[in-house]
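Below you'll find the structure, written out as structure tokens, and then a few comments.
Every read-out reported here was derived from the displayed coordinates using simple, explicitly stated rules and does not represent laboratory data. Keep in mind it's a predicted model, so treat the numbers as computed, not measured. A quick note on method: Cβ atoms are made from the backbone with ideal geometry, for glycine too, and the neighbour counts reach across all protein chains shown.
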Amino acid sequence: MLTACLLIAALAAGVTGAWSPCGLSMLETLAPHGHARRLRTSLGACATFALGALTGGAVTFGGLALVGAALGAGGPEAVGAAAVAAVAAAAAEARGLRIAPQIRRQVPEAWRRVLPVPVAAAGYGVLLGLGFTTFVLSFAVWALAGTAIALGDPALGLAIGLAFGAGRALPVICLAPFAGTDRGGAVAAAMCERPAILLGLRRVDAVALVACALALGTA
Amino acid sequence: MALTIAWLLTGAVLLAAAGLKAADRTGTIVALAAYGLPGWLAAPAFAALVAAEAALSAGLAAGIAGAAYAAALVLAGFLAAQVVALAQGNAGAPCGCFGAGGRLTRAAAARTGLLASVCAVLPLLGEGPRVPLVLSAAVAGAVVVLAAGRRNAPRGALEIDGEGPPLNVPSPLAAWFGDARGATEHGTAAGLGDVWLALFTSPGCALCRRVAPAAQALDGVAVRRFDEVADSHAWAAARVPGAPFAVALGRDGVALAKGTVNDARQLASIVDAARARRVPASSRRAFLGRAGGLAASAAGAGMVGAVIRPGDAEAHHFCGHIYTTDGCPHPTGLPRIDRSGLPLRARDGRSVDDLGRLIDALGRPVDEDGRLLCDLDGRPLPAAPRTPVCQLTGARHGIAVTTDGAWYRCCQGRVRKLVDCCSPNRIRINGDRALRGYCYERRKVFCVMYFQSTIPC
């Protein structure tokens, strides 16, 4: 139950990250009409981007879980604190509050100009998958980081990281190959112009975090 | 314990060197020229230097004796190169040791020698720290990657002829200073400052919040802020392209310097330039002020020359834009567009036609309240065309244009898409040599536009 809740929360947090300057820039960069220039290159770049994102997510959350294990986490106090943090994050997500602390950094734009697009995409994927090297668009990222440390379970941390990486990659690999089409353009525009979509996603994050908190409380 | 700190400190110095080099690629490559490196070799040498220093720092943090000896060898090589360069009379050239900031001096060479000696001695003194190599390598890699992605703001404001009030003529802005004597900020009346500074800001502009306090700290400057909404007449009179923008006036009301500013240093450059330009033309400072940019800086004039020409600048033309390329011609000023590239009024995102009139959903011109504009007989005015901004630019300049690439940035609390209007032209709209920007293939940026999203950041 706890694992499922955490994986869903991580996936949702990753998807929410697509509404960031870097996430949206990836749509432009990997699109066949963008720097990739061809559908084949675009698909290859999407694949390397996904691999990079999975790697980045695994490194961050797996690493945090390792830190937690080294600190001897996993006790009831730590788990309780993680549950409280999850509830607080859920409340902030549900209200759509501005993210704080925010990391005001972006991936290097120059990579897509000086590197082959699939290579640049892999690097971008790693940086976005790491979660804390660029803009964070959901409190769930912070809450999940705390939970990974509190539980101190490297295998679970790795799974959270992979789910987060998958979430970061999913919108990009689903939308980028079609970004040049009318429908793809309309979807990208809707992402930018309809705040309700992002707010809805953040509420999904909130629900997932509440479920995590309940699961942590009963674990 | 002391030995562990010595190992870690030495590693940190090398990591700082790698990070600062990575953060200023161009400056470091230029610095390498002082050592006689040919241009074609400078870029790979830069990459190799950064990678080697980062790797050695990771090795030192892991306490590997081989890394310490290797670092000593590398640093001895640097020392030899510095000594040769000094012997060739290159003292004072950029050192390239810690980015491009330092200068090649005997002290710099001594520092390199000292560091090399420390690296050679460390393994003889005892074992180093046992930080896992994977961890130290990850930290070193992260520092270099993050440093490489960092952009430094330019030192000077962006002064473009067509933006803001014309220079060296009396400015209508002086009237606002006259009215506001005693009501200016900075705790002084306009009459008491040797320079009057008009600072143009707008609500919700994060950069403005950063720049405004810096204005109050300027010595001998009477500051007056002009809000985009409350002081729209002043904005119109000064032809301000966007906030934050500053205009420096002499006590006689003559506009002396102007420009888009992003930070305190750029704001100070405007005041310095104004003071330099105010001095009689025969003086050296006035000459330097006119010479502008690099020439003045090289002559040691400090910030006098820091109001730099568009070709030399890298300031933001509008919030989020980091190059000097001018905005595409837009009927209402700032080149804000919708998702189809059609013009929107920057202030509120309302649709406008090619004449800059607000329009309704059917393209009919309307007033601020949405009522149809009518002629004297009460008949609705005819609709005007509404053309994508990039396309209209191409038509006006007689060149082929394409809207190619884009990049998103966080600007004024919202995610903003920066869009390039690209062409095969070798010249940008402001007359400078074209840059590749976000354009593809052989096209280069002609002018820039932006699309404002609703996403908070």
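Structural remarks
- Only helices enter the 222 nm calculation for the protein assembly as shown: every DSSP H run of n ≥ 4 contributes -39,500 (n - 2.57), and dividing by all residues gives -16500 deg cm²/dmol, rounded to 500.
- Pairs of Cα atoms nearer than 8 Å and 6+ residues apart set the relative contact order; for region A:77-137 it is 40 percent.
- Cα-based helix-to-principal-axis angle, A:117-130 vs chain A, degrees rounded to 10: 20
- Sorted by Cβ density within 10 Å, fewest first, the residues B:Val366, B:Val389: B:Val366, B:Val389
- Dipole-positive endmost among B:Ala142, B:Gln82, A:Leu199 within the protein assembly as shown (Cβ charges, Cα centre): B:Gln82
- Here B:Arg347 and B:Leu41 are evaluated by their C-beta separation; at R0 = 51 Å the FRET efficiency comes out at 0.50.
- Separation in nanometres of the label points that stand 7 Å from Cα toward Cβ, at B:Glu368 and A:Ala110: 4.6
- Modelled label positions at B:Ile5 and B:Ala120, each set 7 Å beyond Cα in the direction of Cβ, lie 2.6 nm from each other.
- For the residues of A:19-29, the average number of beta carbons from a partner chain within 10 Å of their own beta carbon is 6.
- Residue order, fewest to most beta carbons within 10 Å, for B:Lys21, B:Lys444: B:Lys444, B:Lys21
- Debye-sum result for region A:2-218 in log10 I(q)/I(0), which assumes one identical scatterer on each alpha carbon, at q = 0.08, 0.10 Å⁻¹: -0.27, -0.41
- Our summary gives chain A a relative contact order of 44 percent, counting only alpha carbon pairs under 8 angstrom and 6 or more residues apart.
- Per-residue Cβ neighbour counts within 10 Å put A:Phe178, B:Phe177 in the sequence A:Phe178, B:Phe177, beginning with the fewest.
- For chain A, the longest principal axis of the Cα atoms and the long axis of helix A:21-30 meet at an angle of about 40 degrees.
- Against chain A, whose longest principal axis comes from its Cα atoms, helix A:2-16 is set at around 30 degrees.
- The trypsin sites (Lys or Arg not before Pro) of region B:222-283 that DSSP puts in a loop, and whose beta carbon has at most 16 other beta carbons within 10 Å, are B:Arg239, B:Arg251.
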